[in-house]
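First comes the structure, then the notes that go with it.
Values quoted throughout were computed directly from the atomic coordinates according to the rules given, and no laboratory measurement underlies them. What you see is a predicted model; the values in this text were computed from it and never measured. Note that we place each Cβ from the backbone using ideal geometry, even for glycine, and neighbour counts take in every protein chain shown.
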Ligand code: SF4
């Protein structure tokens, strides 16, 4: 069974600085107030590497990688 990953954001914790959109432009854009809008498409390969970097860099730990089990 294959495992892929999706990006999730805790909007309560997020303070909208927008660092994640700089580190993961493949999946994250910012709204007019600087809060992230997440593309729910799964990430893999080099995009997964970028996602891990963005998760590690979030200053309030609001960004998470969620494992998605597929067939
Ligand atoms: S880096 Fe973290 S706190 Fe900043 S906008 Fe992204 S999710 Fe929110």
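Couple of notes before you dig in:
- Most fluctuating residue given options 45, 34, 18, as computed from a GNM of the chain linking Cα atoms under 10 Å: 45
- Highest-fluctuation residue, 13, 57, 21 considered, GNM on the chain with Cα pairs under 10 Å: 13
- Quarter the surface of the alpha carbon convex hull of region 1-41 and you get the mean projected area, 3.4 square nanometres.
- Efficiency of FRET from Cβ geometry, residue 22 and residue 2, R₀ 25 Å, rounded to 0.05: 0.30
- Relative contact order, percent, the chain [alpha-carbon distance under 8 Å, six or more residues apart]: 49 percent
- Rg/Rh for region 3-69 (Cα atoms only, Rh after Kirkwood) is 0.93.
- Two-site FRET efficiency, residue 67 against residue 32, from Cβ-Cβ distance with R₀ of 25 Å, rounded to 0.05: 0.20
- Springs between Cα atoms under 10 Å define the GNM used for the chain, and in it the highest mean-square fluctuation of 61, 48, 23 occurs at 61.
- In degrees, nearest ten, helix 45-57 long axis to first principal axis of the chain (Cα): 40 degrees
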